[in-house]
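Accompanying notes for the structure given below.
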Amino acid sequence: MGKSSDFVDKEVVSFDGTKIFYNVVEKDGVNTCLVFLHGLGGDGGSWQKEREELYTFGYPSIAVDLRGHGLSGRPRDEGGYHIDNFTKDILAVLTAEQKEKVVLIGHCFGAMVSLHIEASHPTTAKALVLIDTSYKRPYFAENKADHRIVNSIVSYLIRHSPTAYKSEHVNTAKFYGTSDFSARRILSDVLHTSLRSYLMVSQEIMQIDLESLLKKIMVPTLVLSGTDDLIFPPEAEKELAGRIKDAQIEYIDGGAHMLIVNNPGDIVKDMQRFLKRIHYA
């Protein structure tokens with residue numbers, strides 16, 4: 001494994017003044033970088049096992065705390081969490097690190113951000129790895145009438161929710177083996193993001209629809225699906241892969257939605273095969 005001193009903490013100020021925290025590990029002579037984007041309630045530290053193992057195989061990487069998460073800043077208004085803003089944050093990080101070609105690796109909402117980045121800025125990525133995700137909100141939120149009701153409730157809660165949070169990374173090791181709807185893990189996520197930020201990102205996810213952008217994705221794409229994912233089930237991820245020109249899908253047997261916590265070894269194996277196929281360098 002890489003030494004802890006090899007992994008360097010940094011931050012950049014994004015377009016609207018929000019500070020974006022990230023962690024970098026470099027490899028001499030390797031230009032293309034893996035960029036990891038976590039999902040709702042997580043942070044860049046969620047990827048540590050994957051990053052350490054991939055580092056031993058020669059892969060440099062960056063893990064970003066998305067706005068509203070980890071050690072990054074937390075905009076107070078709902079407009080601060082539009083997916084366009086997450087895209088601008090990641091581009092600011094890549095500019096600061098002078099990274100011209102990267103592989104974007106996202107889990108859940110982080111994968112949606114990855115899709116949005118490549119569709120809106122098609123020279124950014126050499127490839128995409130999309131884990132436990134879709135191009136639209138989860139199936140359980142598809143009923144439009146229910147969605148409007150839930151959205152009204154969430155908007156009310158946002159206006160009256162606290163902004164306090166734990167300014168630290170989540171200790172993901174404590175949640176190894178937890179289910180998709182683990183109350184203990186979800187509570188930890190909320191405490192580390194703040195209820196306000198958690199709800200605002202949730203609201204953005206419930207409104208998202210990237211279908212029109214998928215035809216713009218021209219880079220090789222790996223979709224990883226846990227066969228027991230209850231948030232974005234395999235059918236949703238199969239549909240996603242089918243809508244991207246150069247996409248392949250791999251299934252992790254028995255894997256639930258939190259593959260990055262519960263199945264890091266499986267993710268690394270599938271990623272290595274994919275990176276060799278696309279002649280990563």
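The values are calculated or read from the model by the stated rules, or taken from the named source; none is laboratory data. On a predicted model such as this, the values are computed, not experimentally measured, just so you know. Glycine also receives a Cβ, built like all others from the backbone with ideal geometry; neighbour counts cover every protein chain displayed. The accessibility values were calculated without ligands, DNA or RNA, using every heavy atom of the protein model including side chains. Shrake-Rupley method; radii C 1.70, N 1.55, O 1.52, S 1.80 Å.
Computed quantities for the displayed model
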quantity	calculated
Computed over the stretch 21-90: relative contact order in percent, which uses C-alpha pairs under 8 Å that are six or more apart	37 percent
Accessible-area order (highest first, 1.4 angstrom probe) of the listed residues Leu195, Leu91	Leu195, Leu91
For Phe57, solvent-accessible area (1.4 Å; no DNA, RNA or ligand), Å²	110 Å²
Residue-by-residue Karplus 3J(HN,Hα) for the stretch 220-232, coefficients 6.51, -1.76, 1.60, Hz, glycine and proline x	x, 9, 10, 9, 10, 10, x, 5, 10, 5, 9, 7, 10
Computed label-point distance, nm, for sites Leu213 and Lys174 using a 7 Å Cα→Cβ extension	3.3 nm
Eligible lysines near Lys216 by straight Cα distance, threshold 17 Å, same-chain separation 8 or greater	Lys126, Lys136, Lys245
Where the chain is the region considered: accessible area per residue in Å², 1.4 Å probe	43 Å²
Table column - 3J(HN,Hα) (Hz), the stretch 113-124, Karplus curve with 6.51, -1.76, 1.60, x for Gly and Pro	4, 4, 4, 5, 4, 5, 5, 8, 9, x, 9, 6
Portion, in percent, of the accessible area of the chain that falls on carbon or sulfur, probe 1.4 Å	53 percent
Sum of -39500 (n - 2.57) over DSSP H runs of 4+, divided by residues of the chain (222 nm, nearest 500)	-11000 deg cm²/dmol
Environment charge of Met218, counting only residues whose C-beta is closer than 15 Å and scoring Lys/Arg +1, Asp/Glu -1	+4
Normalised alpha carbon radius of gyration of the chain [divisor 2.2 N^0.38 Å]	0.93
Residue-span extension gain [Lys245 to Thr123] - 0.36 nm each, minus C-alpha spacing	42.3 nm
5 angstrom amide H check on Ile252, placed H, neighbours 5+ away	Ser225, Gly226, Thr227
Full-extension gain in nm, Arg273 to Val8, via 0.36 nm per residue minus C-alpha separation	92.7 nm
